[in-house]
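The structure under discussion appears below in the form of structure tokens.
The values are calculated or read from the model by the stated rules, or taken from the named source; none is laboratory data. Just so we're clear, the structure is a prediction, and the values are computed from it rather than from any experiment. With ideal geometry, Cβ positions are generated from the backbone for all residues, glycine too; neighbour counts draw on all protein chains shown. Accessible surface is based on the protein model in full, side chains and every heavy atom, while ligands, DNA and RNA are left aside. Shrake-Rupley method; radii C 1.70, N 1.55, O 1.52, S 1.80 Å.
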Amino acid sequence: RAAAAVTRASQAGVRRQIVKLVVPDDQRSYKVFGAVPIQGTSAPEDLDPWPGGLKQQYPIALGLARELLQGVTGASERLITDQVLDAEDACGLVLAQGATPAEDAAVCLFAGCDQLGRLREVDGMAGADRLLCLLNPQFKRLEDFSLWQRGEARSVVFERGYECSFAFEEFACRGEDVKLAGEQGVGRGSKSGPASNGSCEE
């Protein structure tokens, strides 16, 4: 659904987009001490399923970014590449080669307040006519930036015409888990359930 929303927005001429997704729990298999197999890194009773923060989320979110670009551009797996822009802040870039150069697209993952310089470089590389998405950016408004960053933030982000084309977010509200979804051309909806069991449905 996120890819469809991004495609609709792109077809409407929106080349700078924001996509917000809930990163699913890590269900990969691991071996503790190389011998004891475990599944995933969290349990339902954990208060924070991501104790490692963005660095722990990065490999899972990177897969989401690659799937998003595949859905938008139709590119095969081999035509999608990724690179780390900032290892300390777990900021990355995913590039997809479309059928024509004009159909190339990029996703910047976990861009934060300290990546304005890299984001400016990526924006220049994408050009005005190619799609660039910010996936789960770590800022929402100009006030999230320090006073000396705000001038650059205006020119790099807030004056570049970014629009949120798809959002699926979770948060707690008055003791309930709330899931909020919105997508380009469809609108918004929400679903809530008791926060104690986190059993809300989309």
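Would you be able to say whether some residue in the stretch 62-78 is part of a strand (DSSP E or B) and either in contact with a helix residue (DSSP H, G or I) (Cβ under 6 Å, 6 or more places away or on another chain) or in contact (Cβ under 8 Å) with a residue 40 or more places away in the chain (or both)? Please lay out each step first, then the result.
Residues of the stretch 62-78 part of a strand (DSSP E or B): none.
No, the stretch 62-78 contains no residue that is part of a strand (DSSP E or B) and either in contact with a helix residue (DSSP H, G or I) (Cβ under 6 Å, 6 or more places away or on another chain) or in contact (Cβ under 8 Å) with a residue 40 or more places away in the chain (or both).
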Conditions first: (1) within 13 Å of residue 132 (Cβ to Cβ); (2) modelled with pLDDT under 95; (3) of a type in the set (A, V, I, L, M, F, W, C). Residue 75 passes all but one, so which condition is the exception? (1)
Just need a number here: residues in the stretch 114-140 that are in contact with an Asp or Glu (Cβ under 8 Å, 6 or more places away or on another chain), open to solvent by less than 30 Å² (accessible area, probe 1.4 Å) and within 16 Å of residue 152 (Cβ to Cβ). 2
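Tell me the strands (runs of 3 or more DSSP E) entirely within the stretch 87-202 that contain at least 2 residues that are at pLDDT 90 or above and out of contact with any Ser or Thr (no Cβ under 8 Å at 6 or more places or on another chain). Break it down stepwise before answering.
Working: elements: 91-96, 105-109, 131-135, 163-173, 176-183, 187-194.
Qualifying strands (runs of 3 or more DSSP E): 91-96, 105-109, 131-135, 163-173.
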When you look at residue 84, is it surrounded by fewer than 17 Cβ atoms within 10 Å (Cβ to Cβ), outside any loop (DSSP other than H, G, I, E, B) and at pLDDT 95 or above, yes or no? yes
Total residues in the stretch 141-176, condition without any contact (Cβ under 8 Å) to a residue 40 or more places away in the chain and open to solvent by less than 40 Å² (accessible area, probe 1.4 Å): 4
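Tell me, which residue of the stretch 71-81 that is crowded, with 19+ Cβ neighbours inside 10 Å and among the aliphatic types (A, V, I, L, M) is farthest from residue 13 (Cα to Cα)? Please lay out each step first, then the result.
So in the stretch 71-81, the residues crowded, with 19+ Cβ neighbours inside 10 Å come out as 72-73, 75, 80.
Of the ones still in play, those that are also among the aliphatic types (A, V, I, L, M) are 72, 75, 80.
Values: 72: 14, 75: 20, 80: 23 Å.
Once the filter is applied, the top-ranked residue is 80.
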Among the numbered criteria (1) modelled with pLDDT under 90; (2) part of a helix (DSSP H, G or I), which single criterion is violated by residue 6? (1)
Cross-chain or 6+ apart pairs with Cβ under 9 Å, the stretch 3-24 first and acidic (Asp, Glu), then crowded, with 20+ Cβ neighbours inside 10 Å: none
Please work out if residue 122 is within 27 Å of residue 102 (Cβ to Cβ), touching a helix residue (DSSP H, G or I) at 6+ places or on another chain (Cβ under 7 Å) and of a type in the set (Val, Ile, Thr). no
Candidate set from the stretch 52-70 (those that are surrounded by fewer than 16 Cβ atoms within 10 Å (Cβ to Cβ) and of a type in the set (Gly, Ala, Ser)); member that is modelled with the lowest pLDDT: 52
Residue 100 passes all but one of (1) more than 15 Å from residue 16 (Cα to Cα); (2) of a type outside the set (Asp, Glu); (3) open to solvent by less than 10 Å² (accessible area, probe 1.4 Å); which number fails? (3)
